[in-house]
Amino acid sequence: MAYDIQEILKERILVLDGAMGTMIQRHRLDEEDFRGERFKEHQYPLKGNNDLLSITRPDIIREIHELYFEAGADVAGTNTFSGTTIAQADYHLEEAVYDINFESAKIAREVADEFTKHSPDKPRFVAGSMGPTNRTASLSPDVNDPGFRGVSFDELRIAYKEQAEALLDGGADILLVETVFDTLNAKAAVFAIEEIFEDRGKKWPVMVSGTITDASGRTLSGQTTEAFLVSLSHISLLSIGLNCALGAEQLRPYIQTLAKKAPFHVSAHPNAGLPNEFGEYDQTPEEMASLIDGFMQDNFLNIVGGCCGTTPEHIRLIAEAAAKHSPRMIEELIEV
């Protein structure tokens, strides 16, 4: 990278973008939008496969990145949350995985470079989004067979490696392993990433962000926030954090735990509150920004953004709040 993100993080809190899915839903797309010309004859339904839009409707994905950068985001997450062969198997599109990730990273890279060119004092970065897949390596999906696993560590490693390779080829600055509900899945992702670093003789910054699934304060695989941290602390990470599942108010005690104990930078990109009875998010930008401002007042964060339900207006107010605060300092910064 032309810019050293570690040095920038010493100076200010970096702002991640908000929800890609929320913005895509505003377009009310139909099956034809997801198919485009390339997948016109595909035998299975494709509506809802948002990652595919980087190939079939790149104009929409480009516009979303532009809106978030205009709102003040420093980092754009690629449109690749489900960009593994494991997740794309639901649509029978395993063969399209490389192109999905490469094109997604390329779009974000082009937009980021355009914004950096116009304001070089505020460089924009691209984070290759690597979601958790729809399977868990630690738990059985069959209550009658607790020893059964729907996916193996090696299957995850291979799938994540293919995704990460394409994201880096497309121009990602950072790899973001996010919405981790099973730390074993995350370990497979990071193992694959480290294999790539060894193969290429070069390292990129890696962010890991877990998700606390309910009021118990644990991940789906049963770990507390501190256990999640300890499980990944042997890896040289740019940051560790939490996102999704909860709003900022509910996420606060768990972010506080990371802020006290993590030897890395700490990130948070919560949902816009909790979903209502229709599965929608009602928390206003003002309400969310006020809650996150409290995180930054208490020196919890280095990187902040939004997850489900957040929009450019949420990010705009969060960015304004972040500009008023100094980043969390850590005693011993682990090099990445």
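The values are calculated or read from the model by the stated rules, or taken from the named source; none is laboratory data. Keep in mind that what you see is a predicted model, and the values were worked out from it rather than measured. With ideal geometry, Cβ positions are generated from the backbone for all residues, glycine too; neighbour counts draw on all protein chains shown.
Some notes on this structure:
- Restricting the stretch 263-294 to residues that are touching a helix residue (DSSP H, G or I) at 6+ places or on another chain (Cβ under 6 Å) and among the hydrophobic types (A, V, I, L, M, F, W, C), the residue that is surrounded by the fewest Cβ atoms within 10 Å (Cβ to Cβ) is LEU291.
- Test for THR85: is it at pLDDT below 95, polar (S, T, N, Q) and under 20 Å from ASP154 (Cα atoms): no
- Exactly one residue out of ALA159, ALA164, ALA189 is crowded, with 24+ Cβ neighbours inside 10 Å and over 27 Å from VAL266 (Cβ atoms): that is ALA159.
- Qualifying residue in the stretch 323-336 (condition: part of a helix (DSSP H, G or I), surrounded by fewer than 23 Cβ atoms within 10 Å (Cβ to Cβ) and either in contact with a Phe, Trp or Tyr (Cβ under 8 Å, 6 or more places away or on another chain) or at pLDDT 95 or above (or both)): no
- Pair list, Cβ under 7 Å, 6 or more apart: the stretch 312-336 residue within 18 Å of SER239 (Cα to Cα), other residue aromatic (Phe, Trp, Tyr) and modelled with pLDDT of 95 or more: ARG328/PHE300; ILE334/PHE264
- Residues satisfying the stated conditions in the stretch 1-33, i.e. crowded, with 16+ Cβ neighbours inside 10 Å and charged (D, E, K, R): ASP17, ASP33
- Residues of the stretch 213-229 that turn out to be β-branched (Val, Ile, Thr) and in contact with a Lys or Arg (Cβ under 7 Å, 6 or more places away or on another chain), as a count: 1
- Among the residues listed as GLU41, GLU66, GLU110, the single one being without any contact (Cβ under 8 Å) to a residue 40 or more places away in the chain, among the acidic types (Asp, Glu) and either surrounded by fewer than 17 Cβ atoms within 10 Å (Cβ to Cβ) or in contact with a Phe, Trp or Tyr (Cβ under 9 Å, 6 or more places away or on another chain) (or both): GLU41
- The combined condition, being more than 26 Å from THR213 (Cβ to Cβ) and either of a type outside the set (Val, Ile, Thr) or surrounded by fewer than 22 Cβ atoms within 10 Å (Cβ to Cβ) (or both), is not fulfilled by THR136.
- Residues of the stretch 165-194 that turn out to be in contact with a helix residue (DSSP H, G or I) (Cβ under 7 Å, 6 or more places away or on another chain) and either aromatic (Phe, Trp, Tyr) or under 24 Å from ARG149 (Cα atoms) (or both), as a count: 11
- Restricting LEU237, LEU232 to residues that are farther than 24 Å from ALA19 by Cβ, buried (at least 19 other Cβ atoms within 10 Å of the Cβ) and either touching a residue at least 24 places away in the same chain (Cβ under 8 Å) or not acidic (Asp, Glu) (or both) narrows the list to LEU232.
- Whenever a residue of the stretch 280-302 is over 15 Å from ALA322 (Cβ atoms), its partners that are among the polar types (S, T, N, Q) and surrounded by fewer than 20 Cβ atoms within 10 Å (Cβ to Cβ), lying with C-beta atoms within less than 7 angstrom and at least six residues away or across chains, give the pairs ASP282/ASN276.
- Restricting the first member to the stretch 196-216 and to residues that are under 18 Å from PHE81 (Cα atoms) and touching a residue at least 24 places away in the same chain (Cβ under 8 Å), and the second to residues that are of a type in the set (D, E, K, R) and buried (at least 22 other Cβ atoms within 10 Å of the Cβ), the beta-carbon pairs closer than 6 Å and six or more apart or on different chains are SER209/GLU178.
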